[in-house]
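Below is one structure, written out as structure tokens, with a few remarks after it.
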Amino acid sequence: MMGNLFIVAAPSGAGKTSLVNALIAQHDEIKLSVSHTTRPARDGEQDGRDYHFVDQQTFADMRDAGEFLESATVFDNSYGTSAKNVETQLAEGFDVILEIDWQGAQQVRANFPDSIGIFILPPSKQVLEQRLRNRGQDDEAIIARRMRDAENEISHYVEFDYVIVNDDFSEALATLSSIIHAQRHLLSLQRNKQAGLISELLAQSADIS
């Protein structure tokens with residue numbers, strides 16, 4: 001059975017990466033699609049685990065060759081999702097999470113209209129700004145820019161299927177996990193997966209009647 005494709009988006013600092021990483025650690029059947037990016041690796045990040053770090057020319061060559069399911073420029077850096085990697089994982093039956101922005105989400109929906117979109121919101125602007133500062137990764141100019149861009153990013157929440165407010169991390173993680181779990185039990189998926197059982201149960205009902 002094919003896996004489900006999930007898109008998780010949020011303004012920078014809302015906590016989507018922490019939530020997705022915690023989810024992946026709890027569920028072996030869920031895979032995170034590792035994006036390609038031209039931005040430099042941050043302290044603690046590893047090539048192939050957090051991102052595939054490539055130079056601008058390599059990225060452009062891959063994009064021109066049609067290797068990306070989606071690609072976008074965010075804060076002057078390019079990001080892209082390998083179509084081959086996603087399709088392979090889905091075919092193997094894994095649920096795949098794309099941690100991308102709203103621009104990428106729009107591109108993915110064009111190719112995977114059945115993908116499930118989840119948008120993560122911060123509980124307030126004040127909390128969002130404090131989280132950006134607590135990361136210790138950006139200077140004041142970058143933080144100010146991220147806060148300005150956050151309003152535009154948040155305005156696209158209506159394009160997604162689910163919205164989670166990341167106020168209490170444990171609660172937000174439980175909600176995210178519940179959404180993933182519930183999608184596996186949709187009628188459209190279970191009809192084929194449980195075809196044998198359903199036929200048997202209906203046959204028994206016919207015999208009894």
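Below is a table of values for the structure above.
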{"read-out": "Subset of the range 152-169 [of a type outside the set (A, V, I, L, M) and without any contact (Cβ under 8 Å) to a residue 40 or more places away in the chain]", "value": "Asn152, Ser155, Tyr157, Asp168"}
{"read-out": "Selection count where residues are among the hydrophobic types (A, V, I, L, M, F, W, C) and either closer than 18 Å to Gln137 by Cα or more than 11 Å from the chain's Cα centre (by Cα) (or both), scope the range 3-22", "value": "3"}
{"read-out": "Every pair of residues 6+ apart whose Cβ atoms lie under 8 Å, when the first sits in the range 93-118 and is touching a residue at least 60 places away in the same chain (Cβ under 8 Å) while the second is surrounded by fewer than 18 Cβ atoms within 10 Å (Cβ to Cβ) and of a type in the set (Val, Ile, Thr)", "value": "Ile97/Ile24; Glu99/Thr17; Asp101/Val74; Ile116/Ile179; Ile118/Val163; Ile118/Ile179"}
{"read-out": "Residues of the range 36-53 classified as among the charged types (D, E, K, R) and touching a strand residue (DSSP E or B) at 6+ places or on another chain (Cβ under 8 Å), total", "value": "3"}
{"read-out": "Enumeration of residues in the range 163-176 that are of a type outside the set (Asp, Glu) and either out of contact with any Pro (no Cβ under 8 Å at 6 or more places or on another chain) or in a helix (DSSP H, G or I) (or both)", "value": "Val163, Ile164, Phe169, Ser170, Ala172, Leu173, Ala174, Thr175, Leu176"}
{"read-out": "Selection count where residues are part of a loop (DSSP other than H, G, I, E, B) and either modelled with pLDDT of 95 or more or among the basic types (Lys, Arg) (or both), scope the range 34-54", "value": "5"}
{"read-out": "Failed item, numbered, when Ile179 is tested on (1) out of contact with any strand residue (DSSP E or B) (no Cβ under 9 Å at 6 or more places or on another chain); (2) part of a helix (DSSP H, G or I)", "value": "(1)"}
{"read-out": "Candidates Ala172, Ala203, Ala141, Ala195 - the one that is surrounded by fewer than 13 Cβ atoms within 10 Å (Cβ to Cβ), of a type in the set (A, V, I, L, M, F, W, C) and closer than 30 Å to Arg42 by Cβ", "value": "Ala141"}
{"read-out": "Residue match in the range 141-162 (condition: part of a loop (DSSP other than H, G, I, E, B) and within 18 Å of Val8 (Cβ to Cβ))", "value": "yes"}
{"read-out": "Residue in the range 40-48 that is buried (at least 20 other Cβ atoms within 10 Å of the Cβ) and of a type outside the set (Lys, Arg) present", "value": "no"}
{"read-out": "The range 72-92: number of residues that are in a loop (DSSP other than H, G, I, E, B) and at pLDDT below 90", "value": "2"}
{"read-out": "Per-region count, the range 1-23, residues farther than 16 Å from Phe94 by Cα and part of a loop (DSSP other than H, G, I, E, B)", "value": "6"}
{"read-out": "Options Asp139, Asp167: the member that is over 18 Å from Ile100 (Cα atoms), of a type outside the set (Val, Ile, Thr) and touching a helix residue (DSSP H, G or I) at 6+ places or on another chain (Cβ under 9 Å)", "value": "Asp167"}
{"read-out": "Count of the range 72-113 residues which are within 19 Å of Val158 (Cβ to Cβ) and of a type in the set (Asp, Glu)", "value": "1"}
{"read-out": "Candidates Ala105, Ala65, filtered to the one that is aliphatic (A, V, I, L, M) and out of contact with any His (no Cβ under 9 Å at 6 or more places or on another chain)", "value": "Ala65"}
{"read-out": "Single residue of Leu132, Leu128, Leu69 found to be surrounded by 13 or more Cβ atoms within 10 Å (Cβ to Cβ) and not in a helix (DSSP H, G or I)", "value": "Leu69"}
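The values are calculated or read from the model by the stated rules, or taken from the named source; none is laboratory data. Computed from a predicted structure; not experimentally measured. As a convention, Cβ positions derive from the backbone with ideal geometry for all residues, glycine included, and neighbour counts pool all protein chains shown.
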